[in-house]
Amino acid sequence: MNNQIQILVVEDDNDINQLLCNIIKKNGYHPQPAFSGTEAMLYLEKQEWDMLLLDLMLPGMSGDEILTKITEQSNIPVIIISAKIDQETKIGMLRTGADDYITKPFDNEEVSARIDSHLRRYQRINKLPSTKKLVYKDIEIDQEAKTVFLQGKQLNFTAREYEILVLFMASPKKVFTKKNLFESVWKEAFYGDDNTINVHISNIRNKLAAVNPDEQYIETIWGMGYRLKT
């Protein structure tokens, strides 16, 4: 199980990045180093991660900008590791969505223990049974009966359309790439077949619009993917 855990390490100092990666390896997890904010965003868009270790002062895109983006799209634990020691920065990052804040220079064993602690908590949350009913705006999904209602009217979705809608409603703030959607629903590797996803998203939109044409439920985030429109 542990060797499947993927941790992204975003730190522009090569020595510190390598040290953090070594700590992660000793814990039995797989680290992926990134040395700029821009590189980190490419990794974050490419796949799902189990944890993010994040420096604040980065080239390309700052750590606080990355934190803001990742907390809008995911619930993965984020540990800030920074030389900034002022209380205002710490409180600001924790309020923005960081799960922990470690100052440099750090103790290796403390970093190791905090990584394990946050991963355990994250895994416990994800193992909780899912809610049988999902509600978003005037859409209600009964996951036990596998039915979808909009404004009290039952809609007919194919199995794939239903699974896509459940993904969206289970993580209403997350931006799903086409790769995310395809591999989650079809359980196969995604080779860039945009048309398959486009058709299914279009079908879902059309069925929802047939009942409530005045509401937009799924929005396209250009260059990234789709998410529920807030």
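The set of residues in segment 58-93 being closer than 10 Å to G37 by Cβ and outside any helix (DSSP H, G or I) consists of L58, P59, G60, M61, S62.
Here L20 meets the list (1) hydrophobic (A, V, I, L, M, F, W, C); (2) buried (at least 20 other Cβ atoms within 10 Å of the Cβ); (3) closer than 25 Å to K178 by Cα almost entirely, failing just condition (3).
So which of I80, I76, I66 is among the aliphatic types (A, V, I, L, M), modelled with pLDDT under 90 and crowded, with 17+ Cβ neighbours inside 10 Å?
Values: I80 fails: modelled with pLDDT under 90; I66 fails: modelled with pLDDT under 90.
After applying the criteria, what remains is I76.
Here segment 176-222 is the region considered, the condition is being farther than 18 Å from K137 by Cβ and charged (D, E, K, R), and the residue that is least open to solvent (accessible area, probe 1.4 Å) is K178.
Could you identify the single residue in I201, I141, I197 that is of a type in the set (A, V, I, L, M, F, W, C) and not in a helix (DSSP H, G or I)? Of I201, I141, I197, the one residue that is of a type in the set (A, V, I, L, M, F, W, C) and not in a helix (DSSP H, G or I) is I141. Kindly evaluate E48 against the criterion of being of a type outside the set (S, T, Y), open to solvent by 60 Å² or more (accessible area, probe 1.4 Å) and either at pLDDT below 90 or in a strand (DSSP E or B) (or both). Here the answer is yes, as E48 does meet what is asked. Sub-7 Å Cβ pairs linking a first residue in segment 138-163 that is without any contact (Cβ under 8 Å) to a residue 60 or more places away in the chain to a second residue that is assigned to a loop (DSSP other than H, G, I, E, B) and surrounded by fewer than 18 Cβ atoms within 10 Å (Cβ to Cβ), at least 6 apart or interchain, are D142/K132; Q143/S130; Q143/K132; E144/K132; Y162/K146, ordered by first then second residue.
The values are calculated or read from the model by the stated rules, or taken from the named source; none is laboratory data. The structure displayed is predicted, hence computed values, not measured ones. Glycine also receives a Cβ, built like all others from the backbone with ideal geometry; neighbour counts cover every protein chain displayed. Accessible surface is based on the protein model in full, side chains and every heavy atom, while ligands, DNA and RNA are left aside. Shrake-Rupley method; radii C 1.70, N 1.55, O 1.52, S 1.80 Å.
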